[in-house]
Amino acid sequence: MVYNQGRISRPRPADLRFHVEHDQEIKLWLSQGLKELDIDLGQKTILALIRYFHILLLKNKSVNLISSKMPLRDMVAVHLLDSLTALKWKSWPAEGLALDLGSGGGLPAVPLSLAKPAWAFTLAEATAKKAIFLAEVKESLGLNNVTVVNDFLKAGLKADGFSFDLVSARAVGELKKLMPLAAASLKNGGLFLAFKGPRGEEELSAAQSEIKKRKMKLLQRIDLTLPLVQAERHLYLFEKQ
């Protein structure tokens, strides 16, 4: 796959004086949700997640990064907790190279980069304004394990040095369309982690021909209910054969 690093102007750190009025509630909701998911993160990571959430909410006022037409409590669940459900996969290797397709506001890649600092994450985002925001987040949070790529990724194009151990995709398209992109980016034995909602099984059924064509195999499916909002979620983990 060819990665053409788009020109990104040097980001200015977000105004970290920005303060979410219900800061303690956000910490409480996040901690409560993680406990329900049986995910253990240290306080340092939780505070970094909240700081990222502050920056995301601030920038969302000028750049459409996430849906904000819901109570703040629900936003914590739908954006932060949903991204962190990937940690329900208990077999994460100690380190590796990960690619996040269509990162947008950085979900799930930024929360996962905070939770898995030994992993190197490449965040691919075609929209320049969003890529600039991601670069700003990288600088503001000191994420040395994050690289931002401003490019539109196409299946079938591959460049030396860009074979990944893990590809993730959340809220960027149906499995049938994502499978060629993921397969082209993975090394043999690499994994594709797809975040899906109630239509997950429908998408899985529709993608069977692409799964077979791309020599992908479904290794694990994790079904769960998203805390705080009680929403249906499914994680699908595929391996490139």
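The values are calculated or read from the model by the stated rules, or taken from the named source; none is laboratory data. Everything numeric in this text was worked out from a predicted model, so none of it was measured. Every residue, glycine as well, gets a Cβ built from its backbone with ideal geometry; the counts of neighbours run over all protein chains shown.
Computed values, structure above
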item: Residue in segment 208-224 that is modelled with pLDDT of 95 or more and closer than 16 Å to Val172 by Cβ present; result: yes
item: Any chance Leu107 is in a loop (DSSP other than H, G, I, E, B), within 20 Å of Asn150 (Cβ to Cβ) and within 12 Å of the chain's Cα centre (by Cα); result: yes
item: When residues of segment 37-69 are limited to those that are charged (D, E, K, R) and within 18 Å of Gly104 (Cα to Cα), the one surrounded by the fewest Cβ atoms within 10 Å (Cβ to Cβ); result: Lys69
item: Count - residues of segment 47-72 that are closer than 18 Å to Ala131 by Cα and among the charged types (D, E, K, R); result: 2
item: Hey, Leu81 touching a Gly at 6+ places or on another chain (Cβ under 6 Å) and more than 17 Å from Val137 (Cβ to Cβ) or not; result: yes
item: Meets criteria (surrounded by fewer than 14 Cβ atoms within 10 Å (Cβ to Cβ) and in a helix (DSSP H, G or I)) for Lys177; result: no
item: Criterion: of a type in the set (Asp, Glu) and free of Cβ contacts under 8 Å to residues at least 12 places away in the same chain - qualifying residue of Asp82, Asp40; result: Asp40
item: Verdict on Lys129 being under 15 Å from Leu101 (Cα atoms), of a type outside the set (Gly, Ala, Ser) and either outside any strand (DSSP E or B) or in contact with a Ser or Thr (Cβ under 7 Å, 6 or more places away or on another chain) (or both); result: no
item: Residues satisfying the stated conditions in segment 198-232, i.e. farther than 19 Å from Ala109 by Cβ, in contact with a strand residue (DSSP E or B) (Cβ under 6 Å, 6 or more places away or on another chain) and not in a helix (DSSP H, G or I); result: Pro198, Met216, Lys217, Leu218, Leu219, Gln220, Arg221, Asp223, Leu224
item: Within segment 182-236, tally of residues that are in contact (Cβ under 8 Å) with a residue 60 or more places away in the chain, closer than 15 Å to Trp89 by Cβ and not aliphatic (A, V, I, L, M); result: 4
item: Residue in segment 59-69 that is assigned to a helix (DSSP H, G or I) and touching a residue at least 40 places away in the same chain (Cβ under 8 Å) present; result: yes
item: Breaking point among (1) touching a helix residue (DSSP H, G or I) at 6+ places or on another chain (Cβ under 6 Å); (2) touching a residue at least 60 places away in the same chain (Cβ under 8 Å); (3) buried (at least 19 other Cβ atoms within 10 Å of the Cβ), for Glu125; result: (2)
item: Restricting segment 205-225 to residues that are surrounded by fewer than 19 Cβ atoms within 10 Å (Cβ to Cβ), among the hydrophobic types (A, V, I, L, M, F, W, C) and within 21 Å of the chain's Cα centre (by Cα), the residue that is nearest to Leu87 (Cα to Cα); result: Ile222
